[in-house]
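For reference, the structure discussed in these notes is given below.
The values are calculated or read from the model by the stated rules, or taken from the named source; none is laboratory data. Because the structure is a prediction, the values reported are computed rather than measured. Note that each Cβ is placed from the backbone with ideal geometry, even for glycine, and that neighbours are counted across all protein chains shown. With ligands, DNA and RNA removed, areas are computed over all heavy atoms of the protein, side chains included. Shrake-Rupley method; radii C 1.70, N 1.55, O 1.52, S 1.80 Å.
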Amino acid sequence: MGIFKKRSIASLGKKKSDMPEGLWNKCPSCGAIIDEITLKQRHRVCTKCDHHFTLTAPDRISMLLDVDSFEELDPTLESTDALNFKGYTDKVKGYQKKTGLKDAVLTGRGAVLEHPVTIGVMDFRFIGASMGSAVGEKLTRAIEIATAEKRAVIIVCSSGGARMHEGILSLMQMAKTSGALARHHEAQLPYISILTHPTTGGVTASFATLGDINIAEPGCMIGFAGPRVIKETTHQNLPPDFQTAEFLLDHGLIDMIVPRSMMRERIGELLDYMLPVGKTA
Amino acid sequence: MTATEPLEFEKPIVNLERQLADLRDRAADSDIDMSTEMKRIEDKLTKLKGEIYRNLSPWQRVQIARHTQRPYMLDYVEHTFDDFVELHGDRHIGEDEAMPGGFVRLEGHRVMVVGHQKGRDTKENLRRNFGSAHPEGYRKALRLMKMAEKFNLPIITLIDTPGAYPGIEAEERNIAEAIAFNLREMMMLRVPIIAVVLGEGGSGGALGIGIGDRILMMENAYYSVISPEGCAAILWKDRKYAPESASALKLSAEDLKKMEVIDEVIPEPMGGAHHDHITAAHNLKRTLIKHLHDLESIDRDALLEQRYQKFRKFGEFREKGRR
Ligand SMILES: [Zn+2]
């Protein structure tokens, strides 16, 4: 670790934890108490049980991209309240204030081990990283730029699904992003989808599962319908590891499970095979 | 049509109709002239029907869209099209009877049709799974659509589902991927596609066969990112607020036309398509033929570009320095 000497995007969002640095974090999986500096050095993976804590989009970007390579796209783009939906404007404002983000995804150009990419990283802190117009538009633009500039697309997914408050427009973002990926695919360019905890609903049913390579972080929850809905509909008991990364590896949805500490190297290794030889950022 | 099960808001109409029927019976059995009284009730009935049916709330439309006597996909296949040749199976796992499909004729056009099929009774719903398809349904639909592309046949998809099936096997066989893959592949099919929401346009399960050059809706159909009940449970913590949710979600054909999400609203007979299957099917037929003519005249590269832009433009947002 320690390759990120300069955190060039630290200003993009506030820290996930309300606790200032130097304080302690409790692992939600095993209960271990880990100090902030250690946790940060380990990319927020538990020292005892390897539980992967939720990462903010800025932290994820600094973990994956080459130092100083990130150039943010559409930093001011935000959703409007198209449906005049009860409480939505205030909700968005509240989350903008809380996270320092405009909406639930950061996008930009960058490089992974010198391979040119556009990257989109969803941030679960922002209304459960639900997809409305802003998320759909930013991802679509990032994919279109990748197609135009012959870049790979990397999307780090995590989402509660389509954003209810924007109604049908949210649903249509599934079509819009998938359409952009269709053209990127036709241009024979690589798309790596990285599924992180949790990835569900309309995001799973669109760009998240369309990767040439679908990668998951260990233990993360991936599914279409929520487990409660499935239980209520089917009156069946769910298998113990149902909808986990490991379950979906067994069922053929994902190519590999990659621990966070190996993610950047793995992406680089894959792009070595998938991008034309001799193309660097 | 046979008498239909009245919905709650139709009960005043039914009561009046009953009064009128009683009066007719009595008039037939007696010598007293009741024509004035009958005329009065008939006028009142016409007025009442107008008031109720012309001012349907979004929630009332959802109820009509879910009416168990509403024409379903195969009813439209029978009354709108000719010579249906059903094709089966996804070639990998199985056959999904919630998503029939096959060759069909529409006037002079040879067409591929796929869509969701609900069951009319418990027995048929066991086969049709209440119109909720498994991954096999979506994969069969894509197989048939790719075949349509191969033989240069336009595609018509008929949407009527509460949603893709939320079950263990559906998840195990990656229903999300089946839908996602359809979204991507349908965007590139080099034949015209018309998607019609017949009744329920339930979220990703609807969209999974919903990419097209035209998106049409029957007058009382709904199309939504989440069911009104699901929305109410999240927003108001109680499903009984489904009527409020239905309004808030702007899920009716009328609202979606205003938002320019859909291209055309297809009129239904007074009170809803369940009152008159044949008329509803003919209205669909007329509209489909018109759009098919338009689409077939478009060069295929232009068609694909238009399809891409159609979905590309969806979304409401703002940003500094643009707009
Ligand atoms: Zn732990």
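The single condition among (1) closer than 19 Å to B:Ala65 by Cα; (2) touching a residue at least 12 places away in the same chain (Cβ under 8 Å) that B:Glu296 does not meet is (1).
Residues to consider are B:Leu56, B:Leu20; find the one that is over 22 Å from B:Met145 (Cβ atoms), in contact with a helix residue (DSSP H, G or I) (Cβ under 6 Å, 6 or more places away or on another chain), open to solvent by less than 40 Å² (accessible area, probe 1.4 Å) and not basic (Lys, Arg). Exactly one residue qualifies, and that residue is B:Leu20.
Regarding B:Pro162, is this residue assigned by TED's automatic domain parsing to the domain that holds B:Phe130, open to solvent by 10 Å² or more (accessible area, probe 1.4 Å) and either charged (D, E, K, R) or in contact (Cβ under 8 Å) with a residue 24 or more places away in the chain (or both)? When the stated conditions are applied, B:Pro162 passes them.
A:Val203 satisfies every condition listed in (1) crowded, with 24+ Cβ neighbours inside 10 Å; (2) part of a strand (DSSP E or B) except (2). Selection over the range A:86-113 of residues that are in contact with a Leu (Cβ under 9 Å, 6 or more places away or on another chain), modelled with pLDDT of 95 or more and not hydroxyl-bearing (Ser, Thr, Tyr) gives a count of 12. Annotation note: Cβ proximity below 8 Å between a residue of the range B:175-199 that is of a type in the set (S, T, N, Q) and a residue that is open to solvent by less than 10 Å² (accessible area, probe 1.4 Å) (sequence gap 6+ or interchain) occurs for B:Asn182/B:Tyr138; B:Asn182/B:Ala141; B:Asn182/B:Gly208; B:Asn182/B:Ile209; B:Asn182/B:Ile211. What residue, among those in the range A:175-190 that are in contact with a strand residue (DSSP E or B) (Cβ under 7 Å, 6 or more places away or on another chain) and open to solvent by less than 10 Å² (accessible area, probe 1.4 Å), is nearest to the other protein chains (Cβ to nearest Cβ)? The selected residue is A:Leu181.
Taking first residues from the range A:32-55 that are more than 14 Å from chain B (Cβ to nearest Cβ) and within 7 Å of the ligand (Cβ to nearest atom) and partners that are of a type outside the set (Lys, Arg) and part of a helix (DSSP H, G or I), the Cβ contacts under 9 Å between residues at least 6 apart in sequence or on separate chains come to A:Cys46/A:Leu39. Look at (1) at the interface with another protein chain (Cβ under 9 Å from one of its Cβ atoms); (2) touching a residue at least 24 places away in the same chain (Cβ under 8 Å); (3) at negative phi and you find that B:Pro154 fails only one, number (1). Can you find a residue that is of a type in the set (Gly, Ala, Ser), touching a helix residue (DSSP H, G or I) at 6+ places or on another chain (Cβ under 9 Å) and assigned by TED's automatic domain parsing to the domain that holds B:Leu198 anywhere in the range B:291-310? No, every residue in the range B:291-310 fails to be of a type in the set (Gly, Ala, Ser), touching a helix residue (DSSP H, G or I) at 6+ places or on another chain (Cβ under 9 Å) and assigned by TED's automatic domain parsing to the domain that holds B:Leu198.
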